[in-house]
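Student: Shown below is the structure under consideration.
Bear in mind these aren't lab numbers, they're just calculated from the coordinates by the rules spelled out. Everything numeric here is computed off the predicted structure, so don't read it as measured data. Neighbour counts run over all protein chains shown; Cβ positions are idealised from the backbone, glycine included.
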Amino acid sequence: MSKTIKIRAQQKGDTCHVKALIKHPMETGLRKDKKTGKKIPAHFIQEVNCAHEGENVLTGLWGGAVSTNPYLAFEFEGAKKGDKVTLSWADNKGESDSVETTIR
Amino acid sequence: MKRRIFLKGTLASGAVATAVSAGLLSPRQVLADWPKNAFEAETVQDALKGLYDSDLTEPSDAVNIKAPDIAENGAVVPISVSADLPNVESVTIIAEKNGTPLAASYQLGASAKPSISTRIKMGETSNVIAVVKADGKAYSARKEVKVTIGGCGG
C-alpha cells in the first residue's frame, strides 16, 4: 500500500471511474514562512501518470496551482472488474510514489 | 505522443527499462518534457503558447466547466471539466488571474473519457478557463469563480 496515494477504481457499466487522493504539500514557492519571512521553497507534483494494464490512460502535468493534497478523478473505457490500474506521481524534488489497485 | 517520448527514454537506459517493467517509473525520465515555460508563464496567452504553440482557442458550448460560483477558500477550488467532443487529446485548466495562470494540463490516452475533476488554488476572483484539444483544434470555455479568501501566497 502506498503511503501517499489513496485510489479507488470502480467499474460502472462500460466506464471505469477512478478517484485518487495524493498526500503532498504542493508548495508553490511563493508562500512565505510567517515566522522567518523567508520563502518556502517550491515543492509540487509535476507529473501524474495513470495506466490500465500497462496501457497509458492519462498523464497529468501539474503546476504549483494544484491544491495541497491533490484530488484527481477521471473516467476511461475498455476496462473490466479485476483489471489492474496503476497511478504514479513525481515531483520537482525528484520524489515519487506509485500504487496499483484492482478495479472493483 | 507522450508515451513515445517516454519509451525512447527507457530504451536509452537498461536500468530504467527494468524499473518500468517492475511497475516503477523513473521520475527523472518522465519529467524530461514537463513544459516549464508554460507553467511559469504569467499570462494566459503565453501559457497556451508554451503548451500548444498557439494561443488561439475557439469558444465552444461542447466544453463544460463545473466550478462553484463562489469559492469560500481559494486554496481548494473544485473544478470539473468535461467535453462532448470526439478524439480529445488534452484538457487544460487555467485560472486567469493567478500569478502563473496554468494550473494543470492532462493528456488523454485513447481510452480516457474527456471528463476530469481536480482541485486548484486561486489567488483572487477570476475566470477559470478550460481548454480542450480535440482533433487538433483547441476549444475553450470559461466560468467566473468568486474567491472570498485567496489561496496563493497566504
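Student: Amide H to amide H under 5 Å from A:I40: which residues, 5+ apart in sequence or cross-chain, H placed 1.01 Å off N in plane?
Tutor: A:R31, A:K32, A:D33
Student: Can you list, largest first and rounded to whole Å, the semi-axes you get for the range B:96-154 by taking the square root of 5 times each eigenvalue of its Cα gyration tensor?
Tutor: Whole-Å semi-axes of the equivalent ellipsoid: 25, 12, 10.
Student: Residues of A:48-60, mean number of Cβ from any other protein chain within 10 Å of their own Cβ, rounded to a whole number?
Tutor: Mean shielding by partner chains, rounded to a whole number: 5.
Student: Given that compact globular proteins tend to follow 2.2 N^0.38 Å, what is the ratio of the alpha-carbon Rg of chain A to that value?
Tutor: With N residues counted in chain A, Rg over 2.2 N^0.38 Å equals 1.22.
Student: Fully extended, how many nm does the chain gain between A:K3 and A:H17 (0.36 nm per residue separation, minus their Cα-Cα distance)?
Tutor: Gain on extension, A:K3 to A:H17, equals 2.9 nm.
Student: Next up: What does the structure give for A:84-96 when I average, per residue, the other chain Cβ atoms found within 10 Å of the residue Cβ?
Tutor: For peptide A:84-96, the averaged partner shielding equals 3.
Student: What FRET efficiency, computed as 1/(1 + (r/R0)^6) with R0 = 22 Å and r the Cβ-Cβ distance, is obtained for B:W34 and B:K143, rounded to the nearest 0.05?
Tutor: 0.25
Student: Another one. I need the Debye-formula profile for the protein assembly as shown: one equal scatterer per C-alpha, no solvent, reported as log10 I(q)/I(0) at q = 0.09, 0.11, 0.16 1/Å, two decimals.
Tutor: Each listed q maps to, in turn, -0.38, -0.57, -1.24.
Student: I'd like the mean, over residues of A:21-31, of how many other protein chain beta carbons sit within 10 Å of each residue's own Cβ.
Tutor: 2
Student: Another question, if that's okay. May I ask which of A:K6/B:K49; A:K3/B:K133; B:K49/B:K121; B:K66/B:K97; A:K19/B:K113 have a Cα-Cα span longer than 25 Å here?
Tutor: Distance filter (> 25 Å) returns A:K6/B:K49; A:K3/B:K133.
Student: In whole angstrom, note down how far apart the Cα centers of the range A:1-66 and the range A:73-104 are.
Tutor: Taking the Cα centre of each part, the range A:1-66 and the range A:73-104 sit 11 Å apart.
Student: Moving on. Expressed as a rounded percentage, what relative contact order does the range B:35-149 have, with Cα pairs under 8 Å and six or more residues apart?
Tutor: Averaging sequence separation for qualifying contacts and normalising by length gives 32 percent for the range B:35-149.
Student: Any chance you could list P(r) for the range B:38-124, counting all Cα-Cα pairs in 5 angstrom bins from zero, rounded to whole %?
Tutor: In whole percents, the pair-distance histogram is 3, 13, 23, 24, 23, 11, 3, 0.
Student: At A:E53 and B:I70, where each label point lies 7 Å from the Cα along Cα→Cβ, what is the point-to-point distance in nanometres?
Tutor: If labels sit at A:E53 and B:I70, their model points lie 4.9 nm apart.
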